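Novice: Following this message is one structure expressed as C-alpha cells.
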Amino acid sequence: MVEILHGKPITLSCMGVKSAALRAMSVFTTPIPPEEYLRLVNPLASSRQLRGVVTSVTPETPTSATITFRPGSRWQPHQAGQWARVGVEIDGVRQWRSYSLSAPAGADPAVTVTAIGRVSTYLVRNTKVGDIVFLAPPQGDFVLPAGPRPLLMLTAGSGITPVMSMIRTLVPRRKDADVVLVHSSRDRTASLFTDELQELAAEHPGLHLVHRYTTDEGRISFADSGDLDRLCPDWRSRKAYVCGPTEMLDAAHALWERTGLPDTLTVERFNTALAPEVPGGGGQITFEKSDKQVEVDGSTPLLLAGEEAGVIMPSGCRMGICRTCLTPLLSGRIRDLRTGETHDDEGELIQTCISAAAGPVHLDC
Amino acid sequence: MTITADQTAAKPAPGPLTPAPIPPAGTKRTGVLPTQGRPVERPAAAAHLTDQQVEELGDELDAIRDEVLAQRGAQDAAYVRRMIKICRALEVGGRATLLFSRFKPAFVLGTGALAVGKILDNMEIGHNVLHGQWDWMRDPDIHSTTYEWDFVAPARGWQHTHNDLHHTWTNVIGKDRDVGYNILRVSEDQPWKLRDLGNPFVNLLLAPLFEWGIASYDLEWDMVAAGFKSKEAFKKDLNAFKKKAITQVLKDYIALPLAGAVLSGSGRRALIGTLSANAIRNVWAHSVIFCGHFPDGAEFFSEEMIDGETRGDWYIRQMLGSANLSGSRIFHTMTGNLSHQIEHHCFPDLPSNRYIEVAPKVRALCDKYGLNYNTGPLPKQLASTWKKICRLALPNELPWQRGRAAATA
Ligand SMILES: Cc1cc2nc3c(=O)[nH]c(=O)nc-3n(C[C@H](O)[C@H](O)[C@H](O)COP(=O)(O)OP(=O)(O)OC[C@H]3O[C@@H](n4cnc5c(N)ncnc54)[C@H](O)[C@@H]3O)c2cc1C
Ligand code: FES
C-alpha cells in the first residue's frame, strides 16, 4: 500500500482502475467498444486506433513545418532518432507515411515534414491546431549509442530530423557530449533548424556545427575520404550516423566499408522502394504465407492465380460484391479489373477476385 | 402487373415433395462478368431486349457507378461519421434515460431513442459498413472486416449468407436462400408444402423476433443436415452466436434493468424499455427488408437465367428482383437506404448516402429499356408483401381451380 505513494505505482493503479472501468462499461456498450462512446466527448478515445491531437504547427522553411501533437494514452514514449507512422485523411481516405520524430526524447512527439508529394504537402499546408492525426507506435534502431561516445552526424535535407531529436536530447543534458554535425542543404533558407542549432552550438561546447550549402559549395564527396578528412579529421574514431538522399547513404556506406569500419556507421533511409507501374500489367505473384510463386498476365484475377497454385484463399461471390476475399497487399502494385485503377499501398486490403497483378506482387496468404 | 404467375402456370404443377436443401452456391466464374453474350434464357420481363441493348444497359450502369466513385470523398466520409455520432449519442442517451424510466416521460423518451439508435446502427451504419461501402476510407472503426453491430446475429456469419449468397444469387430460386429464408413461401416458383399453410403466422412471429430469426438462419442448420456445411464450421458459428447472444442479453435484459433498479427503482420499466426497443427495431427491419424483394412485381429467376449471364443481365436481374420504397430523406436514412433496394443491388458497395442521387438515373434507364422499376410508399409495398405471403400459404392452384382449367382446356 505504501508504494502507492510513490510515482510509478500510482500511475499503474490508475491504469488498472481505468481498464476495469472500461471493462465494466463494455457490459453496457457491447459489441461496440466503450471508447466509441467516449469519443463523443474525447476525440482521442479509440480502442483500435492510436490518435493524437495537434498542439502546434510551426513553419520551419518555406516548404516545411514542425507539427507537434499530444498522443492518446496508449502512445509509448519515443527514443531520440526513432520514427512513427502518421495517418491523415485526405479526401476522406486515410493515408499513412513514416516520419522521424524531431522532438527530444521525453517530450511530446513532433514531426518535421518537408512538402515533396501528396501527403507531405497536405501535412505542411493544411494541418491546424486541434486536428486529429492517427499514429502508430514509434519504432526504429537509428538511436543513440548505449554509452557515451564521440559522434559524427552526416545529414542532408529533411534527413536532419531524427538527428535533431538526438542532438536536442543529448547536447543540453550531457556535459560529456561530443557531437559533430555536418548538415547539407541547398542554401540557408532551405536549411532546417539553423537558428536553434547555432544557439545550441554557441551554448554547448559539446556540439560542433558544420553547415554545407550545396548551391555554393557543391555536395560532399564520399568517393574518397578527402572531404571528410577536411570537415571532421577524426571521423574514423567517431560513431557515425547518416540520413539523407539515397545516393548519399549509398556512397557513405561504401566509404565506411572501404575504410573497414562498416559497424560504426548507422544509416536511416526515408525512401521506401516504389512499386513501378508495369505497362500491360502482369508479373510474379508471391503468396508469402503459402510460400508459393506464380507468373501471371495482367488480366488473371489474383484469386484464380492463387487457387490454381494451390494456395488456400478466402472467397465468396468471386465477382467483387461480397468482400470475403479481402487479402492484405504486402507490396507491389495491383489493378482493379473493373475500374482499371491501380493500387500500391502497403497493407491495403484488396479484393483478389477482381484484381490482377500490375507488376510483381506480394500477398499475405 | 406480375408475370411470375403466368410463368409458373406454364410449368408443370409443383409436386408435394419437399425439395432437397439448396446446395451452397458454387461456381467457377471469377472476376468481372463478360460484357457480351447471352444467358441460356433471359427473364420474360427483359426478353424484348437484344444482346446489344443489354450490353449498352450494362455500360450505362457501369458509367453511373464510375461517376460516383470519381466523386466519392471527404463529404461522404463526413456523412457516415455524422451518422455514427448521432447513433452513438442516441444509444447512450436512450440507455441512460431508461435508468430512470420509473418516470413515464423517461420511459417513452429512452425507449424511443434506443430504438432509433439501434435502427441506425443496424441499418444505415451496420448493414452498409458490413457491405464494405466505407472500406475505401481505410478507417479500421468503419470497416467491413471489423464492424460488429447491436444485433444478435454475429456480423461475420451474416456477411456470408447476405453479401456472398444473397447478393450474388439475388432471387434465383434454388440459389438465393433469402427467398423465404427457408421458413416462408414468398414466390409462386417455390413448390408448395403443407407447412406453408402457416406462412402468415410464421411471418407474424418472425417480425418481432427478427434478429433471432436471422441469427438462426445464418447458422445454416439445413446445410449441415444435408452435408454441405461441415460440423466444425457449424460449431464455430454456433459458438460465435452463443457468445454474442449472451453478451446481448446480458446488456439489454440484465445489466441495464439491474442498474435501473439500483439507481431509481426502474428495473421493470427499464426491461420493458429494452424489450420494446429491440422489438420496434425488429419489426421495422423486417418490414423494410421484406419490401425489398417480396412485393408483387418483384421477379424471381431460374438457374437457366444465370447460366451465361453477362454484366448487363446481372444488372437486369438485380433491378427486376428488387423493389424500392418511396419517401422523405429521413425515411430513407431510417431504412438504411434499403428503400433504394434496386440501386443497392446494382451497386452494393457504393456509399449508401449516394443512392438517393443515383436513383433517378437508374429509373430513367429502366424507362429507356422498358424494364419495370418497382417502387411505392411503405404501406402499399408492405400490404402487397403481406397479401402475397397470405396468398402463398395455399398452393398456386387449388384442386377445384385445376379442375376448371382442365375443363376449359
Ligand atoms: C523511416 C522514415 C522516416 C522519414 N522521415 C521523414 C521526415 O522526418 N520528414 C519528411 O519530410 N519525410 C520523411 N520521410 C519520408 C515520408 O515518409 C514520405 O515518403 C514523404 O513525406 C513523401 O510522401 P508524399 O506522400 O508527400 O509523397 P508521394 O506523393 O508519395 O511521392 C511524391 C513523389 O516524391 C518522391 N519521393 C518520395 N519520397 C521522397 C524522398 N524522401 N525524397 C525525394 N523524393 C521522394 C516520389 O518518388 C514521388 O515521385 C521518412 C520516411 C521514412 C521511411
Ligand atoms: S469474393 Fe466476393 S468480393 Fe471477392
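Novice: Hey, could you get me the Stokes-Einstein D for chain B, Kirkwood radius over alpha-carbon pairs, 10 °C and 1.306 mPa s, rounded to whole µm² s⁻¹? Each step should come with its number before you reach the end.
Specialist: Details: Rh = 22.7 Å.
Reported coefficient: 70 µm²/s.
Novice: Follow-up question, since we're still on this one. Where in chain B are the DSSP H helices whose alpha-carbon span along the long axis reaches 20 Å or more and whose Kyte-Doolittle mean is at least -1.0? It would help to have the intermediate numbers written out before the result.
Specialist: Details: long enough: B:51-71 (31 Å, -0.74); B:74-98 (36 Å, 0.13); B:104-119 (23 Å, 1.09); B:231-249 (26 Å, -0.77); B:267-293 (40 Å, 0.40).
Counting only whole DSSP H runs, the qualifying helices are B:51-71, B:74-98, B:104-119, B:231-249, B:267-293.
Novice: Next question, about the same structure. For B:ILE330 and B:GLU41, FRET efficiency with R0 = 60 Å and r from the beta-carbon atoms, rounded to 0.05? Write down the numbers at each step before the final one.
Specialist: Working: r = 42 Å, r/R0 = 0.69.
With R0 = 60 Å, the Cβ-Cβ based efficiency is 0.90.
Novice: How much accessible area does B:ARG95 have with a 1.4 Å probe, in Å² rounded to the nearest 10?
Specialist: Accessible area, nearest 10 Å²: 20 Å².
Novice: Counting only the heavy atoms of the protein chains, how much of B:VAL172 is accessible to a 1.4 Å probe, in Å² to the nearest 10?
Specialist: Accessible area of B:VAL172: about 0 Å².
Novice: Another question, if that's okay. Accessible area drop of at least 50 Å² (1.4 Å probe, protein heavy atoms): which residues of the stretch B:64-109 qualify, relative to the chain alone?
Specialist: In the stretch B:64-109, residues shielded by partner chains: B:ARG88.
Novice: Right, another one. What percentages make up the Cα-Cα pair-distance distribution of the stretch A:226-289 when the bins are 10 Å wide from 0?
Specialist: 16, 38, 17, 18, 10, 1
Novice: What percent antiparallel are the DSSP beta bridges of chain A, to the nearest 5?
Specialist: Values: 44 of 70 bridges.
Given both bridge residues lie in chain A, the antiparallel proportion sits at roughly 65 percent.
Novice: Cα-based Rg (one decimal) and Dmax (whole number) for the protein assembly as shown, in Å?
Specialist: Reported Rg and Dmax, both Å: 31.8, 114.
Novice: Hey, could you grab the Kirkwood Rh for the stretch B:26-183? Inverse mean 1/r over distinct alpha carbon pairs, Å, one decimal. Intermediate values should be presented prior to the final figure.
Specialist: Details: mean 1/r = 0.0521 Å⁻¹.
One over the average 1/r among Cα pairs gives 19.2 Å for the stretch B:26-183.
Novice: Hey, can you find the accessible area per residue of chain B for me, probe 1.4 Å, expressed in square angstrom?
Specialist: Working: 16760 Å² over 409 residues.
With the other protein chains kept in place, chain B gives 41 Å² per residue.
Novice: Something else: Tell me whether the stretch A:283-363 comes out rounded, prolate or oblate; compute the Cα gyration tensor, take square roots of the eigenvalues as a ≥ b ≥ c, and use a/c under 1.5 as the rounded threshold. Write out the running numbers ahead of the final one.
Specialist: Numbers: a/c = 1.30, a/b = 1.07, b/c = 1.22.
It is rounded, given that a/c, with a ≥ b ≥ c, falls under 1.5.
Novice: Within the stretch B:333-362, whose backbone N sits under 11 Å from a point 7 Å along Cα→Cβ of B:GLU67?
Specialist: Flagged as within label range: B:357-362.
Novice: Could you compute the net charge surrounding A:LEU200? Neighbours are other residues with a C-beta less than 12 Å from the C-beta of A:LEU200; K and R count +1, D and E count -1. The partial results should precede the final answer.
Specialist: On the way: positive: A:ARG168, A:ARG173; negative: A:ASP195, A:GLU196, A:GLU199, A:GLU203.
Local net charge: -2.
Novice: Helix A:194-203 versus the longest principal axis of chain A: what angle, 0 to 90°, nearest 10, using Cα atoms?
Specialist: Tilt relative to chain A: about 40 degrees.
Novice: Using the Cα gyration tensor of chain A, with a ≥ b ≥ c the square roots of its eigenvalues, what is the shape: rounded (a/c below 1.5), prolate (a/b larger than b/c) or oblate (neither)? Present the calculation step by step, with values, prior to reporting the outcome.
Specialist: Working: a/c = 2.07, a/b = 1.26, b/c = 1.64.
Note, shape of chain A comes out oblate.
Novice: Another question, if that's okay. In what order, largest first, do A:MET319, B:MET334 sit by accessible area if the probe radius is 1.4 Å?
Specialist: Working: A:MET319 20, B:MET334 45 Å².
The ordering from most to least exposed comes out as B:MET334, A:MET319.
Novice: When the Cα centres of the stretch B:128-164 and the stretch A:130-199 are compared, how far apart do they sit, in Å?
Specialist: 44 Å
Novice: When only DSSP loop residues count, what chymotrypsin sites (Phe, Trp or Tyr not before Pro) in the stretch B:350-381 have their Cβ near at most 16 other Cβ atoms within 10 Å?
Specialist: Values: sites: B:TYR355, B:TYR369, B:TYR373; in loops: B:TYR369, B:TYR373.
Hits after loop and neighbour filter: nothing returned.
Novice: What is the Cα centroid distance between the stretch B:29-59 and the stretch B:71-98, reported in whole angstrom?
Specialist: 40 Å
Novice: Relative contact order (percent) for the stretch A:48-135, with alpha-carbon contacts under 8 angstrom and 6 or more residues of separation?
Specialist: Relative contact order here is 37 percent.
Novice: Using helices alone, what [θ] at 222 nm do you get for chain A, with -39,500 (n - 2.57) per DSSP H run of 4 or more residues, divided over all residues and rounded to the nearest 500?
Specialist: Values: 9 runs with 89 residues, N = 365.
Result for chain A, helices only: -7000 deg cm²/dmol.
Novice: Quick one: if you take sqrt(5λ) for each eigenvalue of the C-alpha gyration tensor of the stretch B:205-262, what semi-axes come out, biggest first, whole angstrom? Provide the component values of the computation, followed by the final result.
Specialist: On the way: eigenvalues 180, 40, 5 Å².
Ellipsoid semi-axes (Å, largest first): 30, 14, 5.
Novice: Which percent, nearest 5, of DSSP beta bridges in the protein assembly as shown are antiparallel?
Specialist: Values: 44 of 74 bridges.
Of those bridges, close to 60 percent are antiparallel.
Novice: Lysines within cross-link reach of B:LYS231: Cα-Cα under 17 Å, excluding same-chain residues under 8 positions apart?
Specialist: Reachable lysines: B:LYS242.
Novice: Separate question: Relative to the compact globular guide of 2.2 N^0.38 Å, what is the alpha carbon radius of gyration of the stretch A:48-135, as a ratio?
Specialist: On the way: Rg = 11.9 Å, N = 88, 2.2 N^0.38 = 12.1 Å.
Compared with the compact-globule rule of thumb, the stretch A:48-135 sits at 0.99.
Novice: Also, quick follow-up: Convex hull volume of the Cα atoms in the stretch A:90-150, per residue, in Å³? Intermediate results must be reported in sequence, preceding the final value.
Specialist: On the way: hull volume 7.8 nm³, N = 61.
It is 128 Å³ per residue.
Novice: At a Cα cut-off below 16 Å, give the lysines reachable from B:LYS236, other chains included and same-chain residues fewer than 8 away excluded.
Specialist: B:LYS244
Novice: Take the Cβ-Cβ distance between B:GLU232 and B:LYS85 as r, set R0 to 60 Å, and report the resulting FRET efficiency rounded to the nearest 0.05. Could the numbers behind the result be given before it?
Specialist: Details: r = 40 Å, r/R0 = 0.67.
So the FRET efficiency works out to roughly 0.90.
Novice: Still on this structure, I have one more. Heavy atoms only, probe 1.4 Å: what % of the accessible area of chain B goes to carbon and sulfur, would you let me know? Let's see the in-between values first.
Specialist: Values: 11010 of 16760 Å².
Percent of accessible area from carbon and sulfur atoms in chain B: 66.
Novice: Moving on. Give me the net charge of A:PHE287's neighbourhood, meaning all other residues with Cβ under 14 Å from the Cβ of A:PHE287; Lys, Arg count +1, Asp, Glu -1.
Specialist: Details: positive: A:LYS289, A:LYS292; negative: A:GLU288, A:ASP291, A:GLU295, A:GLU307, A:GLU308, A:ASP364.
Taking every other residue near A:PHE287 into account, the sum is -4.
Novice: Report the convex hull volume per residue for the stretch B:229-303, counting only C-alpha atoms, in Å³.
Specialist: On the way: hull volume 7.9 nm³, N = 75.
It comes to 105 Å³ per residue, whole-number rounded.
Novice: Compute the signed sum of charges (Lys and Arg +1, Asp and Glu -1) over the other residues within less than 13 Å, Cβ to Cβ, of A:VAL171.
Specialist: Working: positive: A:ARG168, A:ARG173, A:ARG174, A:LYS175; negative: A:ASP176, A:ASP178, A:GLU196, A:GLU199, A:GLU203.
Charge balance in the 13 Å sphere: -1.
Novice: State whether the stretch A:151-268 is rounded, prolate or oblate according to the following rule on the C-alpha gyration tensor (a ≥ b ≥ c being the square roots of its eigenvalues): a/c under 1.5 gives rounded; otherwise a/b larger than b/c gives prolate, and the remaining case gives oblate.
Specialist: Working: a/c = 1.71, a/b = 1.21, b/c = 1.41.
Because a/c hits 1.5 or more and a/b fails to exceed b/c, the stretch A:151-268 counts as oblate.
Novice: For the residue pair A:ASP91 and B:VAL262, what label-to-label distance in nm results when each label sits 7 Å from Cα along the Cα-to-beta-carbon direction?
Specialist: In this crude spin-label approximation the distance works out to 5.1 nm.
Novice: Counting each DSSP H run of 4 or more residues in chain B as -39500 (n - 2.57), what helix-only mean residue ellipticity at 222 nm follows after dividing by all residues, to the nearest 500 deg cm²/dmol?
Specialist: Details: 17 runs with 213 residues, N = 409.
Value at 222 nm, helices only: -16500 deg cm²/dmol.
Novice: Ordering A:GLU199, B:GLU56, B:GLU148 by accessible area with a probe of 1.4 Å, largest first, what comes out?
Specialist: Working: A:GLU199 120, B:GLU56 75, B:GLU148 45 Å².
Most to least solvent-accessible, the answer reads A:GLU199, B:GLU56, B:GLU148.
Novice: Determine, from the Cβ-Cβ distance of A:HIS253 and B:ILE356 and an R0 of 60 Å, the FRET efficiency 1/(1 + (r/R0)^6), rounded to the nearest 0.05.
Specialist: On the way: r = 58 Å, r/R0 = 0.97.
My answer for the efficiency is 0.55.
Novice: Just name one of B:ILE289, B:MET319, B:GLY370: the one whose Cα is farthest towards the positive end of the charge dipole of the protein assembly as shown (beta-carbon charges, Lys/Arg +1, Asp/Glu -1).
Specialist: Highest projection toward the positive end goes to B:ILE289.
Novice: Specify the angular offset, from 0 to 90 degrees and rounded to the nearest 10, of the alpha carbon long axis of helix A:160-170 from the longest principal axis of the alpha carbons in chain A.
Specialist: It works out to around 60 degrees.
The values are calculated or read from the model by the stated rules, or taken from the named source; none is laboratory data. In this text the structure is predicted, and so the values were computed from the model without any measurement. A quick note on method: Cβ atoms are made from the backbone with ideal geometry, for glycine too, and the neighbour counts reach across all protein chains shown. All accessible areas refer to the heavy atoms of the entire protein, side chains included, with ligands and DNA or RNA removed. Shrake-Rupley method; radii C 1.70, N 1.55, O 1.52, S 1.80 Å.
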